[in-house]
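Here the structure is laid out as structure tokens; the discussion comes afterwards.
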Amino acid sequence: MLAIFTWLADGIVYTLMGFQEGTRLADSIHFFVEDTTKILVLLVVMIYVIALARASLNLEKVRHYIQHRHRVTGYFLGSGFGAITPFCSCSSIPLFLGFTSAGIPLGVTMAFLFTSPIINEVAVIMLWSLLGWQFTLAYVVIGVLVGITGGVVLDLLRGERWLQSFAAKAYQQAATSPHSEADPTESGQKLTLSDRHEFAVEEVKEIVGRIWKWVILGVALGSALHGFVPEGWFAENLGSGQWWSVPAAVLAGLPLYSNATAVIPVMESLIVKGLPVGTTLAFCMSTVAASFPEFIMLKQVMQYRLLGLIFVILLINFMIVGWIMNGVSPWLFSGA
Amino acid sequence: MRIEVLGTGCRKCDNTATAIREVARELGIEAEVEKVTDPSLIMQYQVMSTPAVAVDGKVQHSGSVPTKEAITSMLGG
């Protein structure tokens, strides 16, 4: 079915624009046309379908599901909901405080916040269309694990000691005297199909309106890499034999603050050109999940010690992901 | 009437405040629009998705930039 986009790009680039097949420039442009059209069409269709399904999910419900759970279940739920809940990073602070003041452990809340930027429907759709389902599955599992381990380690180190005092107070109050709240899963009225349709159309407009520039930018960068970096260059210079390439990729990704949308097309090109899968993932996650604007926001509710701790945990996590994936990828993607 | 736009300072919060001022002016309603960015105050309102709008201390809307119709009904127009 996706072959239609290859065919479309053939028509536009070779026939309409008259480029000679096989030149670097034509390769790059073909890649750009095929991927932008494919991704944008898939995004519109899939975001609509997903939004139909989750129209009735909101943060109050999520909090209700996570609250009063066993801690271990909490980590999985926190990370899992982080993956599926639509959520803008500008809401991190109210969400953090909403969870904390409901007595949800810091690690569970952070499992949500760690996983949320790594996994979202846009990232999954793009990975699936560019790199196939095995890679997408591996990415999702790793994203959830990064969130869970981050949360568990924070709780083991008793990170809640270093919350800002008003947040710590709210957490303790909730832990000692849990006030029962109305069950948000019962109060809301049932959504009709036309309500869901309306919500889904708004979601498509909102999300695609926000990310289309990033798709184009990401694919343009990917296309440039695709056409102009020689085959196997990365494999020779930054192959998995060099253990230091993983920490180097994590550090390189740090100052680049971007979202998954722009990074994924670049990832695809890097992998195709022979950069090891683990190194590429470490780079991608460091770019997407550890961003300075986010940290500056979190400063409002956390002391520097806790922020520093979170930062270090994330970096170590990404390096471990990189090394493990470099180690197992020969078995995972024997064909690619 | 006192209107507070709750949010930690993203662009949507600015858009919300602007939209409310505009509708209030169109309706000829005297409304004092104020942006609340202090996280501890937002927590007291128990709001988890921003931007949110509180009218005279009561939360009326949260999670998005409200539509013109929603603002009109919040202002009682």
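The values are calculated or read from the model by the stated rules, or taken from the named source; none is laboratory data. What you are looking at is a predicted structure, and each value in this text was computed from that prediction instead of being measured. Reconstructed Cβ throughout: ideal geometry from the backbone, glycine too, with neighbour counts over all protein chains shown. Surface accessibility is based on the protein's heavy atoms, side chains included, excluding ligands, DNA and RNA. Shrake-Rupley method; radii C 1.70, N 1.55, O 1.52, S 1.80 Å.
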message: Looking at (1) within 13 Å of chain B (Cβ to nearest Cβ); (2) of a type in the set (Asp, Glu); (3) under 17 Å from A:THR261 (Cβ atoms), which one does A:GLU60 not meet, given that it meets all the others?
response: (3)
message: Return the residues of region A:69-87 that are open to solvent by 60 Å² or more (accessible area, probe 1.4 Å), closer than 29 Å to B:PRO51 by Cβ and touching a residue at least 40 places away in the same chain (Cβ under 8 Å); say none if nothing qualifies.
response: none
query: Consider A:LEU57 against the criteria (1) open to solvent by 20 Å² or more (accessible area, probe 1.4 Å); (2) in a helix (DSSP H, G or I); (3) without any contact (Cβ under 8 Å) to a residue 60 or more places away in the chain: it satisfies all of them except one. Which criterion is unmet?
result: (2)
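Only one residue in A:GLY322, A:GLY274, A:GLY253 is modelled with pLDDT under 85, closer than 26 Å to A:SER129 by Cβ and open to solvent by less than 10 Å² (accessible area, probe 1.4 Å). Which one?
Working: A:GLY322 fails: modelled with pLDDT under 85; A:GLY274 fails: open to solvent by less than 10 Å² (accessible area, probe 1.4 Å).
Only one candidate qualifies: A:GLY253.
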field: Hits in region A:206-241 (condition: of a type in the set (Gly, Ala, Ser), over 18 Å from A:ARG24 (Cα atoms) and open to solvent by less than 60 Å² (accessible area, probe 1.4 Å))
entry: A:GLY209, A:GLY218, A:ALA235, A:GLY239
message: If a residue must be in contact with a Gly (Cβ under 8 Å, 6 or more places away or on another chain), polar (S, T, N, Q) and part of a helix (DSSP H, G or I), how many such residues does region A:232-280 contain?
response: 4
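Condition test on A:GLY11, is it without any contact (Cβ under 8 Å) to a residue 40 or more places away in the chain and open to solvent by 40 Å² or more (accessible area, probe 1.4 Å)? Can you show your working first?
Values: without any contact (Cβ under 8 Å) to a residue 40 or more places away in the chain: yes; open to solvent by 40 Å² or more (accessible area, probe 1.4 Å): no.
In short, no.
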task: Output the number of the condition that A:TYR65 fails; it satisfies all remaining conditions of (1) at pLDDT below 85; (2) under 30 Å from A:GLN303 (Cα atoms); (3) surrounded by fewer than 21 Cβ atoms within 10 Å (Cβ to Cβ).
output: (1)
task: Report, ordered by the first and then the second residue, all pairs with beta carbons closer than 6 Å, sequence separation of six or more or different chains, a first member in region A:35-46 that is closer than 22 Å to A:ASP10 by Cα, and a second member that is in a helix (DSSP H, G or I) and small (Gly, Ala, Ser).
output: A:LYS38/A:SER129; A:LEU42/A:SER129
- request: Evaluate the following for A:ILE313: is it modelled with pLDDT of 85 or more, in a helix (DSSP H, G or I) and in contact with a helix residue (DSSP H, G or I) (Cβ under 8 Å, 6 or more places away or on another chain)?
  value: yes
- request: Only residues in region A:306-322 that are without any contact (Cβ under 8 Å) to a residue 24 or more places away in the chain count as the first member; pair them with residues that are of a type outside the set (A, V, I, L, M, F, W, C) and open to solvent by 10 Å² or more (accessible area, probe 1.4 Å), Cβ under 9 angstrom, at least 6 apart or cross-chain, and list the lot.
  value: A:LEU307/A:LYS299; A:ILE320/A:THR149
- prompt: Which one is farthest from A:THR100 (Cα to Cα), of the residues in region B:66-77 that are within 14 Å of chain A (Cβ to nearest Cβ) and surrounded by 16 or more Cβ atoms within 10 Å (Cβ to Cβ)?
  reply: B:ALA70
